[in-house]
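Working notes, structure below.
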Amino acid sequence: MTTVLEPVTTGEDDIGVTLLPKVANRSRARNREQRARSRTRPRPSSRSRVRARPRSRSRAWILPLLLTLGGLVARSAITRGLWVDEAISVAQAKMSFPGMIHHLSTLDVHPPLSHALLWVSIRLFGSGETAVRLPSILLGTLMVPAMYLAGREIYDRRTGLVAAAVGAVAPVAVWYSQEARMYAVLMLLSILGVWAQFRFLRSGAKRYALLLALFQAGIAWTMYLGAFFVIAQQVVMLLACVQRRKDRPEVWRLFSGWVVSIALLVVLVAPLVPYVWTQAHGPNYTQFANTNTAGTGGEGLGIGLYTIITNGVWAILGYHSTRAITSIVAMWPVGVLAALLLLGRGRSFRTMALVALVLIPGALLYLQGLRSAETFTLRYLSAVVPVLFLLVARLITRVVWSDVATWLVTGALIVGLSFALVDQQLNGENPRRYDFREALHAVTLEAGPDDVIVYAPTYLRDVITYYAPDIPKVDATGDLEIDTPGRVIVLGSFFEVDGMYEQIGTVLAHLRQNGRTIIYKARYSNVRVWVLR
Amino acid sequence: MTVDSRLERSRWVARVTPARRRQLRWLIPLNVLLAGWYFGWLLQPQRIGNPYVYALLVVAELFNLVQALGYWWTMHPRAIRLPVEVPRRDIKVDVFIPTYNEPLDIVEPTIRAAMSLRSADVEVWVLDDGHRPEMEWSARRLGARYISRPTNEGAKAGNINYAVERTTAPFIAVFDCDHVPYPRFLEMTLGHFNTPTVAYVQTPQYYSNAESNGLAGAAWSQQALFFGPICQGKDSSDAIFCCGTNFVMRRTALEDVGGFPTKSITEDFLLSIELAERGWSGVYEPEVLANGLAPEDLSSYVNQQRRWATGCIASIPRVLRSRTRLSHKVSTLLSATYFLSGWAILVNMLWPVVWVLTDALPLAAVSADRFLLHFAPYFAASLVTLGVASDGRYTWNAYSLACSSFAVQISSTFAALRRKERAFVVTPKHGDTGLHLRAAAPPLIAAVILAATAVAGIAKGRSPANINNVTFALLHVTVMVAGARYGLRVRSRQRATPASVLRLNDAMERADQILERSDAATSTGTVVPAVFLDRRSAIPEERSRAS
């Protein structure tokens, strides 16, 4: 193309000269503008990308399905037996339904939704280890496509895929998907809630507001502390209204949908009120709400910064030995690097909303933890875990620009998370691992009809009953005048709880004073066993 | 063929918006509180580990704190300066475009744009220290006047002073030859001279090639912070300084101080101090009114940084001796001492090396959580404030490029201490497409040393202190490599070719057209400017050189 120097008639703010023909100038200016726009604006939504590059609906779901399958495989590889809380839930779910509800309402501190699922599962599949964990495995696996949906809805398909990949192998997601408790349900409901909320914020369609209320009610029916997450979602709704305040019709549309959502939430949660009322006057609630001794994971550390960081590390990398966690915390310069990489990356409402969905429940749980330190632990924050994964996925897709690099970084992350997963699942020093199954299996193989198990603390009863249903059991706080001719098996756990060592020591000393001798002792993850004859 | 990005209007809004001012209003006090929280903890005697290493840490951290406090103080929202209307349209303005060896395709758009400046009686002067006939030809063809002095004494400052003596307009606008002014440049600036003590009006330097080149983008991110909130802050405390281009100067003020100082390579900086000493003030108009070019290769960037660093560090004693208001002195000192930051970066990079070699730690028996409890809020708040103040313009690329220039600042300190006079090196306007290993060497060497330290640290054991030092070393490796990568990229020649090829081809083509016209004019008896006729013999030679 020939360059022609031509004086131009300038507009008000034009620069006044050009070196090239106007046509070329305009087209290049347009290209430049498009490039600049694509750099400064968020990535196009999945929908626009799908439109731009035709992709059949079924093909678009292949990767998410594969990731879901991977998530199912990871969740199916169970490497541990039931622990105390699971055994308690199983014992409760073995009761009649009204009996279970009555038991829960009088002696438990949790709402009944996950127990109801467990109750159904036991009726359908029995009470084997896998059967009782089946609801968690399935719902925990469903979290993977839900992560994809949410990531795609909030950002784009690529973020959705990265989030699903993270969700498939994230150690903590796998851990709780293998536990016959409510945490996997909670994670699924929270990510679906996030999806519904952003869908509503984007489309304004009331059906999504109603769906949001449904998921929020589900959270409330699953775990009371999940209410912190619901509160955070209301804050996000408020912020969205404030952000769009200048667009009155839009605000009205949002506000009316929000009101409808809250109304439905109230209706759905209302039946829970008498149940909560009964629980609040039960003995366990008071104990639960005022325990101020144990730290995170029963480590007795209190709620210092270390506890907060530890919970954060657990949320991403899963449960590991204290030594490993200390080493990971020492890698804090990685956090500095991440913060620096985010410099100038912009602060979209979507990301800020997700950050709020992590920080607000965290802060509220911290306040709750000041009253009851035992509650400041990751499992009570499991609703925010999927949101955290979304943010991790967003960090990758935002910082790493090219597709190839994104998948390389994601691959590296997945490899890292897989290692962390293996360590979590197999390392006996994992503080959340309680090897009751192995401990009881070892000592009950040769158990005779006259053998007795003495245990401490008291709440081990259900797990011992689960694995050794036929052996008589004696609480270490009860009558220790045991005159059986058989063996006495002493089983202790939760040694980080004040006085536990002393209690077990007293039992052993008493038994030895009565002429028994220790013939076998063994140490398992967080469980110790002594056999006296 | 590429479009000259300088001909497009900037989308950058330099002015700090009211929303950002509101955010800064509460963020800055929060930063000060958190800095107090961190340093109150750090400076307790029980923190002292190895006393020598601790002393180094404290010095580096205090230097950073002083810079941070100065930065927050500078950016603290004060009154907003509003544009002032031009009193009348017949004010005479001499527009100076100093040039040395820049190609025609860089200078011509600037001359053309300068000729189109509105709202004043403008005379454009091309001040050519390159003594190039083709530049003279080009200037005269475009209607500008041409000055070429017999010697190049005093570099750019001397060039401008020489022109000042030969011109008469009461106001002088100066543009580096790659800075293309907008037509309303004078409209937006001349009004500020209604105040009789105003000596100069400075406007932002905007790099229009920021989007087309990674290094230029990173350099622009740094500039955006400076010409955004920092310059506006300096202006509101009446401590803005002249930045060498895109400014208008009152001739009487310039003559009052005897012109630009020629002994320094940051003549604009020293001039501002001298003007302030004599009661003159500067004004900052936070509106992009000219588009320039950022350095496009690492060597050019390093040259530019070295010039600024050496000049500013060398002027520290002058700043300390200056007889200006305290706020002006402090503000100027902060700007000059910024270029000592390389030392703080070096000290920070030393920790892992010292640990691996000597087992010495600056802090005694401090667990990661205790350290983070005090450091993390300070660090996080600083980053958030930086993000808000720069409106998200300051990026990781800018940060890593700044950090990886630590060696430039260190060598400039020595040069300034030795009072070694550096030649004024013109920043090349076209990026070189090759490797820039020499420019990238210091950060790469630092990265290699730190990587080796990390390996040695890994071999040393798995204690938390060891892991922490290894990670810290790897953090700096990442930063250094990220900064040095601009010197390791061999850019496609295709991208750089058009401008360089066009430069000669276009010049030849244009010359042919003009010569044809002049031939025709001669034959018809029209008077042809002498310059065109003089060039007739030169052009074929140039053509043969081009071929």
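The values are calculated or read from the model by the stated rules, or taken from the named source; none is laboratory data. The shown structure was predicted, so the numbers you read here are calculated from the model rather than taken from an experiment. For neighbour counting, all protein chains shown are included, and Cβ atoms are generated from backbone atoms with ideal geometry for every residue, glycine included. For the accessible areas, the whole protein counts, side chains as well, though only heavy atoms, and no ligand, DNA or RNA atoms are used. Shrake-Rupley method; radii C 1.70, N 1.55, O 1.52, S 1.80 Å.
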Could you tell me which numbered condition A:Leu421 fails, if it satisfies all but one of (1) open to solvent by 30 Å² or more (accessible area, probe 1.4 Å); (2) over 25 Å from A:Tyr459 (Cα atoms); (3) part of a helix (DSSP H, G or I)? (1)
Among residues of region A:382-401, those that are within 14 Å of another protein chain (Cβ to nearest Cβ) and β-branched (Val, Ile, Thr), counted: 2
If you check B:Ala415 against the conditions, is it part of a helix (DSSP H, G or I), surrounded by 20 or more Cβ atoms within 10 Å (Cβ to Cβ) and more than 8 Å from every other protein chain (Cβ to nearest Cβ)? no
B:Ala380 meets each of (1) over 30 Å from B:Trp12 (Cβ atoms); (2) surrounded by fewer than 18 Cβ atoms within 10 Å (Cβ to Cβ); (3) free of Cβ contacts under 8 Å to residues at least 24 places away in the same chain with one exception, condition (1)
For region A:501-518, pairs from a residue that is closer than 11 Å to A:Ala456 by Cβ and touching a residue at least 24 places away in the same chain (Cβ under 8 Å) to a residue that is among the β-branched types (Val, Ile, Thr) and surrounded by 15 or more Cβ atoms within 10 Å (Cβ to Cβ), with Cβ under 8 Å and 6 or more apart or across chains, are A:Ile504/A:Val490; A:Val507/A:Val454; A:Val507/A:Val490; A:Leu508/A:Val490
For region B:99-131, name all the residues that are touching a residue at least 24 places away in the same chain (Cβ under 8 Å), part of a loop (DSSP other than H, G, I, E, B) and away from chain A (no Cβ under 14 Å). B:Tyr100, B:Asn101, B:Glu102, B:Ala120, B:Asp129, B:Gly130
Among the residues of region A:300-323, the number that are out of contact with any Lys or Arg (no Cβ under 7 Å at 6 or more places or on another chain) and at pLDDT 90 or above is 10
Which residues, taken from region B:26-52, are closer than 16 Å to B:Ala364 by Cβ and touching a helix residue (DSSP H, G or I) at 6+ places or on another chain (Cβ under 6 Å)? B:Trp41, B:Ile48
Which numbered condition trips up B:Tyr182, out of (1) touching a strand residue (DSSP E or B) at 6+ places or on another chain (Cβ under 8 Å); (2) away from chain A (no Cβ under 14 Å)? (2)
Test: A:Arg207 is open to solvent by 20 Å² or more (accessible area, probe 1.4 Å) and part of a helix (DSSP H, G or I): yes
Tell me yes or no: at least one residue of region B:464-484 is in a helix (DSSP H, G or I), over 30 Å from B:Ser5 (Cβ atoms), away from chain A (no Cβ under 14 Å) and at pLDDT 80 or above. no
Can we say B:Val84 is more than 30 Å from B:Tyr146 (Cα to Cα), at pLDDT 90 or above and open to solvent by 50 Å² or more (accessible area, probe 1.4 Å)? no
Hey, among A:Leu413, A:Leu408, A:Leu381, which residue is assigned to a helix (DSSP H, G or I), open to solvent by 30 Å² or more (accessible area, probe 1.4 Å) and within 19 Å of A:Met143 (Cβ to Cβ)? A:Leu413
Give all pairs with beta carbons closer than 6 Å in which a residue from region B:166-195 that is closer than 21 Å to B:Thr252 by Cβ meets a residue that is small (Gly, Ala, Ser) and not in a strand (DSSP E or B); count only pairs at least 6 apart in sequence or on separate chains. B:Leu186/B:Ser119; B:Leu186/B:Ala120
With facing chain B (nearest Cβ under 9 Å), within 25 Å of A:Ala420 (Cβ to Cβ), small (Gly, Ala, Ser) and open to solvent by less than 40 Å² (accessible area, probe 1.4 Å) as the only criterion, which of A:Ala324, A:Ala330 stands out? A:Ala330
Looking at (1) open to solvent by 70 Å² or more (accessible area, probe 1.4 Å); (2) at pLDDT below 85, which is the only condition A:Val73 fails? (2)
Every residue in region B:315-363 that is of a type in the set (A, V, I, L, M) and not in a helix (DSSP H, G or I), please. B:Ala360, B:Leu361, B:Leu363
Residue list for region B:395-412, restricted to those being under 14 Å from the mean Cα position of the chain (by Cα) and facing chain A (nearest Cβ under 8 Å): B:Ala398
Hey, does region A:22-38 have a residue that's outside any helix (DSSP H, G or I), modelled with pLDDT under 55 and either among the small types (Gly, Ala, Ser) or within 26 Å of A:Ala165 (Cα to Cα) (or both)? no
Of everything in region B:1-43, what is away from chain A (no Cβ under 14 Å), part of a helix (DSSP H, G or I) and among the small types (Gly, Ala, Ser)? Give them in sequence order. B:Ala35, B:Gly36, B:Gly40
Within region A:502-521, tally of residues that are β-branched (Val, Ile, Thr), open to solvent by 30 Å² or more (accessible area, probe 1.4 Å) and part of a helix (DSSP H, G or I): 1
